[in-house]
There are 2 protein chains.
Amino acid sequence: MIAQGGVGTHHRPGENKFGKFNVYTYICVVKLEQAIQSTKFKSEVQKAGLNILYTAWWLKTVISKELKEFGLTHEQYNVLRILKGKYPEQMCVRDIACRMIEKSSNVPRIIDRLELKKLVKRSTSAIDKRETVITLTQGGISILDASTVMVNNITDEMLAITEKDAGHLNQLLEKVRTTEKNIVP
Amino acid sequence: MIAQGGVGTHHRPGENKFGKFNVYTYICVVKLEQAIQSTKFKSEVQKAGLNILYTAWWLKTVISKELKEFGLTHEQYNVLRILKGKYPEQMCVRDIACRMIEKSSNVPRIIDRLELKKLVKRSTSAIDKRETVITLTQGGISILDASTVMVNNITDEMLAITEKDAGHLNQLLEKVRTTEKNIVP
DNA sequence: AATAAATAGATGTATATACACGTAAAAATA
DNA sequence: TATTTTTACGTGTATATACATCTATTTATT
């Protein structure tokens, strides 16, 4: 074997053994084996782990691409949606953080950007001066309403499964997250 | 309603209607309703979308926490694992990118960090000088072997489902990703 | 009441993501 | 062969993630 420079991994451009595609627009592939170019999984459980991660990425990517039309990121959209859930009540940063899908999201910083775009307003709570309360602006509501219609449509269109299958999927995912370790300390 | 300062969203610290918890160590909650503090979903399909995103975040977070012990991020681990799949063959950046779970990962930059830690080596392919070929070092192999044992154990421990259930889950996730839109252009 | 502990949220840092663009090299075409 | 197109991949930017730390408050304890 050649040490310096190596043998390389020569192949036809834009192709692999599963066919022709482009890495960066690679959200159309259905089979996990094709998506991550791997056919040998230790077990169905191990494969399920990868499948969950890949499906989440796929879903998030498609929705994010659509949200660009509204100048929103997926996370910014999520914050607006949470605020709408309580509207016209205001919410403090902590309450928003609790409702985020990705719990480690840095909500103050996401709100920074929403505030710059004048989609929300920040003010200090009169009751607890530590709290920052966030209010949706009219602009925020408009953008949210328009984008929500789109996101709901896309989700229904993308997730091409029946309500029954979806119910079953939900059961399995809850089961997946149920382990002895999952006890709130 | 008070405009300036607002009404606030007063509540007992560290509590919500579902019980006591901490947002930042909030990876122990099982029920989606509890996790994102929402009980009303438009449909099972809409709920499945959120469930997939939340479960992926949950899985990724737990594995990432464990990988910290080895000084690796989830993405760096993924790159090492992909390289191991071909070892002792080398791989070019594009081939690694194709196999990533998250296709939009910026592989050159992940490799930057692996190279700094001397877990991989970069060199230019002799066959195609555009290509950078990546080689696992002995250090990379050692860390990967140790961390793989851990990740596999954690995955099996966390994903507390039977092989049969996992198989069914895999089928449903493939079904989820199968839409008319999913045709390679 | 005085002090200690806990909480809310802003902020700093390293890494990753998403995307655009530049450069060098290879492949395709004229 | 000369020119154009495509490809590989490095790099720049804005945003997000993951985590730690700091300050101002509030709550709990003494």
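Quick note: the coordinates plus some simple rules give every number you see, no bench work behind them. Predicted model only: the values in this text are computed from it and were never measured. Glycine gets a Cβ as well: all are built from the backbone with ideal geometry, and neighbour counts include every protein chain shown.
Observations, loosely collected:
- Here residue B:129 is the anchor, and the lysines within straight C-alpha reach of less than 20 Å, apart from those fewer than 8 places off in the same chain, are B:121.
- Label-to-label distance, residue B:118 versus residue A:138, with points set 7 angstrom from Cα along the beta-carbon direction: 6.4 nm.
- Rounded to whole numbers, the Karplus 3J(HN,Hα) couplings from phi for the range A:128-137 are 10, 5, 6, 7, 9, 9, 10, 10, 6, 8 Hz, using 6.51 cos²θ - 1.76 cosθ + 1.60 with θ = phi - 60°, and x at Gly and Pro.
- Positive-end extreme of charge dipole, the range A:69-150 - chosen from A:143, A:104, A:123 (charges on Cβ): A:123
- For residue B:91, the amide hydrogen comes within under 5 Å of the amide hydrogens of B:134, counting only partners 5 or more places away or on other chains and with H modelled in the peptide plane.
- Under Karplus coefficients 6.51, -1.76 and 1.60, residue-wise ³J(HN,Hα) of the range A:84-93 in Hz, glycine/proline x: 4, x, 9, 3, x, 5, 8, 10, 8, 4
- At full extension, residue A:106 and residue A:178 could sit 23.3 nm farther apart than now, given 0.36 nm per residue minus the alpha carbon distance.
- Gyration tensor (Cα) of the range B:36-104, equivalent ellipsoid semi-axes in angstrom: 33, 16, 7
- Applying 1/(1 + (r/R0)^6) with r as the Cβ-Cβ distance of residue B:38 and residue A:126 and R0 = 41 angstrom yields a FRET efficiency of 0.90.
- Residue A:106 label point (Cα plus 7 Å toward Cβ) to equivalent points in the other copies: 1.5 nm, shortest first.
- Teacher prompt: residue A:61 distances to equivalent labels in other copies, 7 Å Cα→Cβ, nm: 2.4
- Longest to shortest principal axis, alpha-carbon extents of the range A:73-180, angstrom: 46, 39, 21
- For residues of B:56-66, the mean tally of beta carbons on other chains within 10 Å: 5
- The simple spin-label model puts a point 7 Å past each Cα toward its Cβ; for residue A:46 and residue B:171 those points are separated by 2.3 nm.
- Subset of A:175/B:42; A:68/B:42; A:31/B:175; A:47/B:164 violating a 18 Å alpha-carbon distance limit: A:175/B:42; A:68/B:42
- Sites residue B:65 and residue B:31 - FRET efficiency at Förster radius 22 Å, r taken between beta-carbons, to 0.05: 0.55
- In the range B:94-185, the trypsin sites (Lys or Arg not before Pro) that fall in loop regions by DSSP, at most 16 other Cβ within 10 Å: B:117, B:118, B:129, B:130, B:181
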